[in-house]
1. Sort out which residues of segment A:34-48 are at pLDDT 95 or above, of a type in the set (S, T, N, Q) and either crowded, with 17+ Cβ neighbours inside 10 Å or in contact with a helix residue (DSSP H, G or I) (Cβ under 9 Å, 6 or more places away or on another chain) (or both), and write them in order of number.
2. Quick one: would you say residue A:31 is over 11 Å from the mean Cα position of the chain (by Cα) and buried (at least 19 other Cβ atoms within 10 Å of the Cβ)?
3. Name every residue in segment B:59-110 that is within 14 Å of another protein chain (Cβ to nearest Cβ), of a type outside the set (Val, Ile, Thr) and under 23 Å from residue B:12 (Cα atoms), in order of residue number.
4. Residues to consider are B:100, B:50; find the one that is hydroxyl-bearing (Ser, Thr, Tyr), closer than 18 Å to residue A:99 by Cα, modelled with pLDDT under 95 and in a loop (DSSP other than H, G, I, E, B).
5. Which numbered condition in (1) more than 14 Å from every other protein chain (Cβ to nearest Cβ); (2) farther than 21 Å from residue B:105 by Cα is the only one that residue A:107 fails?
6. Residues that are in contact (Cβ under 8 Å) with a residue 12 or more places away in the chain and closer than 21 Å to residue B:94 by Cβ: list the strands (runs of 3 or more DSSP E) wholly contained in segment A:1-65 that include at least 2 such residues.
7. If a residue has to be at negative phi, surrounded by fewer than 16 Cβ atoms within 10 Å (Cβ to Cβ) and at pLDDT below 95 to count, how many in segment A:12-28 make the cut?
8. When segment A:66-108 is examined, which residues are found to be part of a strand (DSSP E or B) and at pLDDT below 95?
Amino acid sequence: GQSLEQPSEVTAVEGAIVQINCTYQTSGFYGLSWYQQHDGGAPTFLSYNALDGLEETGRFSSFLSRSDSYGYLLLQELQMKDSASYFCAVASGGSYIPTFGRGTSLIVHP
Amino acid sequence: SQTIHQWPATLVQPVGSPLSLECTVEGTSNPNLYWYRQAAGRGLQLLFYSVGIGQISSEVPQNLSASRPQDRQFILSSKKLLLSDSGFYLCAWQLPGQGSNEQFFGPGTRLTVL
């Protein structure tokens, strides 16, 4: 089976940098994705890492270490609108069907 | 451009009543389609996925069923709802074999079973 672990909640202040970690256990790993979900809304895709290293997209970056079965999402210059839940998801086992973690609630304070 | 529709947006149903939620996708062909359920403050639980018309895979045994009568239509059904069926139901599509693993989600249906 597959399992993912991420913190349930992270708090930070506006303008700061925050890192949300994700560790996973799976076989036949393809890649790690990150999604953002605001309260009452649908998840939206943020990033995908199939290879080791850092992928940067504006204020958001995502990192993967396949040997450590670990990744993180880095959010810089935090804004109030970044308050949301963030989910990591792994695709593995012969398909691209992602398995989602339980999500991390990010609370940004002024 | 691709869009995904779900309806209704909210639904309140009594225990034991039937359910039918519909999802349609526009602007793409032969997508993989998915139904997820999300309990309050929880992650996404995959219920069903489909790689083509009439092809349904069930991930969790329950009193729900899914059908894909057309390429871009995915329906979630139940004959008799349970209290535990309450939740936020999300439909998603994905290009087959897509390397980026990106899924596109519909707006969701919030179901309350009383």
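1. A:36, A:37
2. yes
3. Correct list: B:87, B:88, B:89, B:90, B:91, B:92, B:105, B:106, B:107, B:108, B:110.
4. Just a single option satisfies the conditions, and that option is B:100.
5. Result: residue A:107 fails condition (1) only.
6. The qualifying strands (runs of 3 or more DSSP E) are A:18-25, A:29-37, A:44-49, A:60-65.
7. Qualifying residue count for the region: 2.
8. Once the filter is applied, which keeps residues that are part of a strand (DSSP E or B) and at pLDDT below 95, segment A:66-108 yields A:89, A:90, A:91, A:92, A:98, A:99, A:100.
The values are calculated or read from the model by the stated rules, or taken from the named source; none is laboratory data. Just so it is clear, the structure is predicted and the values come from calculations on it, not from any experiment. All Cβ positions, even for glycine, are placed from backbone atoms using ideal geometry, and neighbour counts span all protein chains on display.
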